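Quick note: the coordinates plus some simple rules give every number you see, no bench work behind them. Computed from a predicted model, the values in this text were never measured in an experiment. Here the Cβ is made from the backbone with ideal geometry for all residues, glycine too, and neighbour counts use every protein chain on show.
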Amino acid sequence: MEENKQITLRKKIIYTISFAVILVLVLSVLSQLLIRAGNTKNTVGNFNSHGIFAEEDNIIDVVAIGNSNYYSGLAANQMWEEHGITAYVWGEASQRIYETRHNLEKIFKHQSPKIVFLEPSCIFREKSTADNLSQKLKSDASALFPAFTYHSRWRLLFPNRWKSWTMDMKCVGHGSNARLGVHAYKEKDWMKDSREKAEVNPLARRELEKCIQLCKENGAIPVLLAVPGPHDWDMKRYNTIKEIADSQDVELLDMNHHLDELELDWKKDTPDGGYHLNYWGAQKVTAFVGNYLAETQKLPDHRGDEAYRQWDEDCKTYNDALQQRLNKKKEKKEHKQPVKKKPGKKFGMKDLRV
């Protein structure tokens with residue numbers, strides 16, 4: 001009887017261990033597939049953040065890590081063409097600050113950037129401690145198995161979508177996304193003077209401080225960079241982030257305080273009513289950031305250096321593909337038939353859909 005119990009217990013242990021091993025293998029394989037599913041053959045449309053791991057080790061001078069505000073608002077190749085600065089934009093849609101820290105840890109294993117731009121508005125996403133704990137646990141799990149982050153890509157695993165994949169993780173746009181749409185922002189000024197501070201959960205604040213410390217420990221200068229954004233930023237948030245920056249002895253570069261210098265046209269420089277910048281808006285912001293890096297941070301100009309020739313080739317490949325997209329957009333606009341307003345019908349956004 002006792003012997004049968006021991007056999008049964010031994011089987012349960014074996015089954016449990018076997019299940020755990022199989023689960024880990026499945027999640028590992030699925031994670032790699034989902035990462036690669038986001039790596040499209042479309043040269044301009046490929047802004048895969050994981051492409052940074054396809055770069056030569058320790059060749060990146062600047063890393064900008066944050067959410068979609070970064071991959072929409074910063075053009076890494078422009079920094080190379082104008083200043084010879086090697087930059088990579090790690091941007092993930094709705095990336096939380098907890099994910100930022102884990103991703104930074106991975107990046108520092110392969111790169112030794114001199115400057116790291118940290119996107120500060122992400123600490124305001126979750127308000128309650130419960131929501132922050134939930135996001136932290138999810139981020140911790142995703143650090144081991146990225147499938148928890150990229151689960152929404154499951155449709156890309158269908159065989160009919162395989163032709164859009166590329167197993168080459170190289171991203172010649174270096175993480176930037178050139179958005180060519182235009183949808184004006186027409187609302188009020190979002191930077192009205194205020195001395196109030198936006199509330200931030202202590203867990204999120206502590207995580208941002210950990211990111212700052214992580215950069216310093218790895219020899220990088222952390223800079224809190226806020227790109228222009230009517231929906232993600234205001235003076236209350238600025239005041240909170242400025243207080244954090246001062247307490248951590250780091251710089252806050254708030255582009256929302258340089259709107260006149262940027263000369264952004266919110267009727268033309270946003271693709272979605274001010275939530276992000278489009279290609280033309282990103283050019284203006286990147287020009288400012290590039291000058292800041294070259295003049296204030298004194299980063300070296302690598303143009304003409306044989307060791308960085310690949311960056312010239314990447315830019316040419318990307319620019320050729322981008323020009324084709326721009327030409328097609330121009331042709332489509334020229335051949336587009338005017339929309340006629342039907343009598344008695346209200347003319348709205350639905351009438352503009354093509």
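So here's what we get for this one:
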{"quantity": "Shape of region 142-290, Cα gyration tensor, a/c cut at 1.5", "calculated": "oblate"}
{"quantity": "Principal-axis tilt of helix 309-335 within the chain, Cα atoms, nearest 10 degrees", "calculated": "60"}
{"quantity": "For Ala226, distant residues with modelled amide H under 5 Å away", "calculated": "Leu253, Asp254, Met255"}
{"quantity": "Full-stretch length increase - Glu263, Tyr275 - with 0.36 nm per residue and alpha-carbon distance subtracted", "calculated": "2.6 nm"}
{"quantity": "Shape of region 130-213, Cα gyration tensor, a/c cut at 1.5", "calculated": "oblate"}
{"quantity": "Only Lys, Arg (+1) and Asp, Glu (-1) charged, at Cβ; region 24-125 dipole about Cα centre in debye", "calculated": "400"}
{"quantity": "Equivalent ellipsoid, region 8-65 (semi-axes from 5 times Cα gyration tensor eigenvalues, Å)", "calculated": "39, 15, 7"}
{"quantity": "Using alpha-carbon coordinates, inclination of helix 2-37 to the longest axis of the chain, degrees", "calculated": "20"}
{"quantity": "Region 1-99 shape via C-alpha gyration tensor axes, a/c threshold 1.5", "calculated": "prolate"}
{"quantity": "222 nm mean residue ellipticity, helices alone, for the chain (DSSP H n ≥ 4; -39,500 (n - 2.57); rounded to 500)", "calculated": "-14500 deg cm²/dmol"}
{"quantity": "For the chain, share of DSSP beta bridges that run antiparallel, in % to the nearest 5", "calculated": "5"}
{"quantity": "Fluctuation leader among Thr296, Thr43, Thr100 - the chain, Gaussian network, Cα springs under 10 angstrom", "calculated": "Thr296"}
{"quantity": "Label selected from (1) 1.03; (2) 1.36; (3) 0.96, the criterion being Rg/Rh (Cα atoms, Kirkwood Rh) as computed here", "calculated": "(1)"}
{"quantity": "In degrees, nearest ten, helix 202-217 long axis to first principal axis of the chain (Cα)", "calculated": "90"}
{"quantity": "Gaussian network model of the chain, Cα within-10 Å springs - most flexible of Leu104, Leu225, Leu133", "calculated": "Leu133"}
{"quantity": "Cα-Cα over 24 Å, subset of Lys41/Lys328; Lys41/Lys109; Lys106/Lys136; Lys106/Lys284", "calculated": "Lys41/Lys109; Lys106/Lys284"}
{"quantity": "Cut-off 10 Å between beta-carbons: net charge of the residues surrounding Asp269, Lys and Arg +1, Asp and Glu -1", "calculated": "+1"}
{"quantity": "Computed label-point distance, nm, for sites Glu306 and Ala141 using a 7 Å Cα→Cβ extension", "calculated": "5.2"}
{"quantity": "Radius of gyration and maximum dimension Dmax of region 78-193, Cα, Å", "calculated": "17.7, 54"}
{"quantity": "Efficiency of FRET from Cβ geometry, Arg155 and Asp189, R₀ 41 Å, rounded to 0.05", "calculated": "0.55"}
